Amino acid sequence: QVQFVESGGGLVQAGGSLRLSCAASGSIVSIPVIGWYRQAPGNQRELISSVSSGGRINYVDSVKGRFTISRDNAKNTVYLQMNSLKPEDTAVYYCNGVPRNNAFWGQGTQVTVSS
């Protein structure tokens, strides 16, 4: 059973960049679509971007043009490059399959963007 471990978060000023990594404990080849989710305080966890094994990519409007998702099946890792960060991007970021599988959740990585 795959377990995801997210890393790369931190504190950054508005306009800055971070690169998140999501390393899987097993092969991600069998997971057709993997997504990055985030959960801000008081909000539900939301899917913000996804990438299929075939390379199809989706973003929610709030991150489109600023975030870039990619996956490396050979390294069993999914990345999220986040540029032009805004205070409203502050959240805990997670990765999981799409649709989500509750058994896959990791601890997430905290991203805090100061104004």
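So here's what we get for this one:
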quantity: Hz values of 3J(HN,Hα) by residue in the stretch 62-69 - Karplus curve (6.51, -1.76, 1.60), Gly and Pro given as x; calculated: 5, 10, 4, x, 10, 10, 9, 9
quantity: Calculated on alpha-carbon atoms, Rg and Dmax of the stretch 1-42 in Å; calculated: 13.2, 37
quantity: Rounded percent of accessible protein surface that carbon and sulfur make up, the chain, 1.4 Å probe; calculated: 48 percent
quantity: Dipole magnitude (debye, nearest 20) for the chain, charges at Cβ of Lys, Arg, Asp, Glu; calculated: 160 debye
quantity: Rg/Rg_globular for the stretch 54-104, with Rg_globular taken as 2.2 N^0.38 Å and Rg from C-alpha atoms; calculated: 1.25
quantity: Extension gain, Leu11 back to Val33 (0.36 nm per residue minus Cα-Cα distance, nm); calculated: 5.1 nm
quantity: Projected label distance in nm at Thr68 and Asn43, using a 7 Å step from Cα toward the beta-carbon; calculated: 2.4 nm
quantity: The chain: radius of gyration and largest Cα-Cα distance (Dmax), Å; calculated: 13.1, 40
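The values are calculated or read from the model by the stated rules, or taken from the named source; none is laboratory data. What you see is a predicted model, and the numbers here were worked out from it, not measured in a lab. All Cβ positions, glycine included, derive from the backbone under ideal geometry; neighbour counts span all protein chains shown. Each accessible area value is taken on the protein alone, full model and side chains, heavy atoms only, with ligands, DNA and RNA left out. Shrake-Rupley method; radii C 1.70, N 1.55, O 1.52, S 1.80 Å.
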